[in-house]
1. How much accessible surface does residue 220 have with a 1.4 Å probe, in Å² rounded to 10?
2. Work out how much length residue 77 to residue 1 would gain on full extension: take 0.36 nm times their residue separation and subtract the Cα-Cα distance, in nm to one decimal.
3. Roughly how big is segment 52-98's charge dipole about its Cα centre, with Cβ charges of +1 (Lys, Arg) and -1 (Asp, Glu), in debye to the nearest 20?
4. If you take the beta carbon distance between residue 53 and residue 103 as r and set R0 to 22 Å, what does 1/(1 + (r/R0)^6) give as a FRET efficiency, to the nearest 0.05?
5. Does segment 70-179 come out rounded, prolate or oblate by the C-alpha gyration tensor, with a ≥ b ≥ c the root eigenvalues, rounded set by a/c under 1.5 and, if not, prolate when a/b is larger than b/c and oblate if not?
6. Express in Å², to the nearest 10, the accessible area of residue 2 obtained by rolling a 1.4 Å probe over the protein heavy atoms while all chains stay in place.
7. Among 20, 60, 39, whose Cα lies farthest out toward the positive end of the dipole of segment 1-63, if unit charges sit on the beta carbon of Lys, Arg (+1) and Asp, Glu (-1)?
8. Multiply the residue gap between residue 60 and residue 110 by 0.36 nm, knock off their C-alpha separation, and tell me the result in nm, one decimal place.
Amino acid sequence: MRFAEKHSFAKPNDIRALHLMTKCAQTVMEELEDIVIAYGQSDEYSFVFKRKSNWFKRRASKFMTHVASQFASSYVFYWRDYFEDQPLLYPPGFDGRVVLYPSNQTLKDYLSWRQADCHINNLYNTVYWTLVQQSGLTPEQAQERLKGTLAADKNEILFSQFNVNYNNEPLMYRKGTVLIWQKVDEVTTKEVKLPAEMEGKKMTVTRTRTKPVPLHCDIIGDAFWKEHPEILDEDS
């Protein structure tokens, strides 16, 4: 919260900050290829390692420190790519913990809870900041206005008072970001040695590689897991 305020993050969502978080998570996955899926929302990311991963001889402390340090250093390294006009005022810090889930179903339940939490928090924050920014309520008044309200009540406030359909808000905000490994075609242009009459020409090269790709989709239902059975492969 303090870091976001000091760096003037947009409320309720700063798309630059969210994209930076995702870039850091991609960097972690590329460094630790035994991560099969990651899920992020706001200032949090969860990383799932292969069931049979033997990285760091399965020492929990090594997993935690390596992921956290890689993420934090990437945040500093890539900051200017996303915040060109906003200097980094002080180093960010990220904590972490390691949890061992006994089954794929338990793991899916955890990730489902994370996405449900994303929806609950984002809906509240969207209404809260809309009341503050567009209705002129103080933070205390907005908090009091929302006390005891259900999801339907919050949706009604947005629609009736501000003509905002929450379902039209970006999926990244409502669903969070899922990172999975996918094959991607990358097009690059490079200089090559050519005959004199063709000097200055460049060659376009397309290559396919596997990289962590961001998705903004539902992971609570079964459809995602049926489409990507390799993620929780019992042999992985």
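The values are calculated or read from the model by the stated rules, or taken from the named source; none is laboratory data. Bear in mind the structure is a predicted one, so any value in this text is a computation, not a measurement. Ideal geometry is used to build each Cβ from the backbone, glycine not excepted, and the neighbour counts take in all protein chains shown. We work out accessible area using only protein heavy atoms, side chains counted, and drop any ligands, DNA or RNA first. Shrake-Rupley method; radii C 1.70, N 1.55, O 1.52, S 1.80 Å.
1. Per-residue accessible area (residue 220): approximately 90 Å².
2. 25.3 nm
3. Numbers: 7 positive and 4 negative charges, 142 e Å.
Computed charge dipole of segment 52-98: roughly 680 debye.
4. On the way: r = 16 Å, r/R0 = 0.74.
After rounding to 0.05, the efficiency reads 0.85.
5. Working: a/c = 2.20, a/b = 1.27, b/c = 1.74.
In terms of gyration-tensor shape, oblate.
6. Its accessible surface works out to 140 Å², give or take rounding.
7. 60
8. Working: separation 50, 0.36 × 50 = 18.00 nm, distance 1.86 nm.
Between residue 60 and residue 110, full extension yields an extra 16.1 nm.
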